[in-house]
1. Residue check: is residue 31 basic (Lys, Arg), open to solvent by 70 Å² or more (accessible area, probe 1.4 Å) and not in a strand (DSSP E or B)?
2. Residue pairs, Cβ under 7 Å, 6 or more apart or interchain, first in segment 98-113 and without any contact (Cβ under 8 Å) to a residue 40 or more places away in the chain and over 20 Å from residue 28 (Cα atoms), second part of a loop (DSSP other than H, G, I, E, B) and open to solvent by 20 Å² or more (accessible area, probe 1.4 Å). List them.
3. Give the residues of segment 114-129 that are surrounded by fewer than 17 Cβ atoms within 10 Å (Cβ to Cβ) and hydrophobic (A, V, I, L, M, F, W, C), sorted by residue number.
4. Looking only at residues in segment 36-65 that are open to solvent by less than 60 Å² (accessible area, probe 1.4 Å) and aromatic (Phe, Trp, Tyr), which one is farthest from residue 104 (Cα to Cα)?
5. In the set 12, 42, 46, 30, which member is touching a residue at least 12 places away in the same chain (Cβ under 8 Å), at negative phi, in contact with a Gly (Cβ under 7 Å, 6 or more places away or on another chain) and hydrophobic (A, V, I, L, M, F, W, C)?
6. Residue pairs, Cβ under 9 Å, 6 or more apart or interchain, first in segment 138-157 and within 18 Å of residue 127 (Cα to Cα) and open to solvent by less than 90 Å² (accessible area, probe 1.4 Å), second in a helix (DSSP H, G or I) and of a type in the set (Lys, Arg). List them.
7. Being open to solvent by 20 Å² or more (accessible area, probe 1.4 Å) and either over 22 Å from residue 38 (Cβ atoms) or assigned to a loop (DSSP other than H, G, I, E, B) (or both) is the filter here; which residues of segment 66-79 pass it?
8. What's the total number of residues in segment 49-65 that are outside any loop (DSSP other than H, G, I, E, B) and in contact (Cβ under 8 Å) with a residue 40 or more places away in the chain?
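The values are calculated or read from the model by the stated rules, or taken from the named source; none is laboratory data. For clarity, every value in this text was computed on a predicted model and none was experimentally measured. Backbone-built Cβ (ideal geometry, glycine too); neighbour counts: all protein chains shown. Areas reflect the complete protein model, heavy atoms only, side chains present, ligands, DNA and RNA absent. Shrake-Rupley method; radii C 1.70, N 1.55, O 1.52, S 1.80 Å.
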Amino acid sequence: MATNENLPPNVIRQLAKELKNLDETPPEGIKVVVNDEDFSTIYADIEGPAGTPYENGVFRMKLLLSHDFPHSPPKGYFLTKIFHPNISANGEICVNTLKKDWNPSLGLRHVLIVVRCLLIEPFPESALNEQAGKMLLENYDEYARHARLYTGIHALKPKPKVKTVAIFESTTALNVDHRNKESTGKEPQPPTPLSTSSKIPSQDQNASVIPVTEPVIGASALPKKEGVLAVKATQVDKKKIDARKKSLKRL
């Protein structure tokens, strides 16, 4: 397992400063992933530049530093699959900065910026992916279609998750109210609460509902009862009068 022991102490100090600077002020579209225990492997996430077939993609790459860095250039690899003339099927990057144009004074920031610029302006003349290089020279639209397809499959940014349950429920309720309004021409009214004297039908919808007659109790029943008693009292008085008349005739 590679560790910082593979690099000279002066190189480790220089890399620590540079990585801290990259973390605090990263280049546009580049985010460096720092591993404090191993500076010999540098990871970076590169956003696909706007206006290119790599737009909306995020591509992870790594730089491998040899034990004699910075006298020899790092080796660069794309870990995310990409369709590009200067990037091979196994992810190896072919760019002059990492080969014949390397200079020990060049820092990691410069290397990362050059690699991202490679996504903007490929060099098909020095292609590692011959299919992509030939397609780029002969039919750019077909090349761009292939590159976008790879981006969409392997490098597409994850979309942020949005809570839509409450929004969906609110929209459904509004749609239902709107349909009710359209069908009746009136604003939907809240349901009328059931009174305590309402009869609730049986769950069996086919059963006939038999009305229940309840005895009337209270003040409303009193006048009827008093009228009946008054009629009976009148009949008794009439009988007494008739009996008196009969007695007087006998006399």
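1. So residue 31 fails the test.
2. Sorted first by the residue in segment 98-113, then by its partner, the pairs are 98/73; 99/73; 102/73; 104/70; 104/71.
3. 117, 120, 123
4. The qualifying residue farthest from residue 104 (Cα to Cα) is 54.
5. 46
6. Note: pairs meeting the criteria are 143/134.
7. 66, 67, 68, 70, 71, 72, 73, 79
8. So the count comes out to 5.
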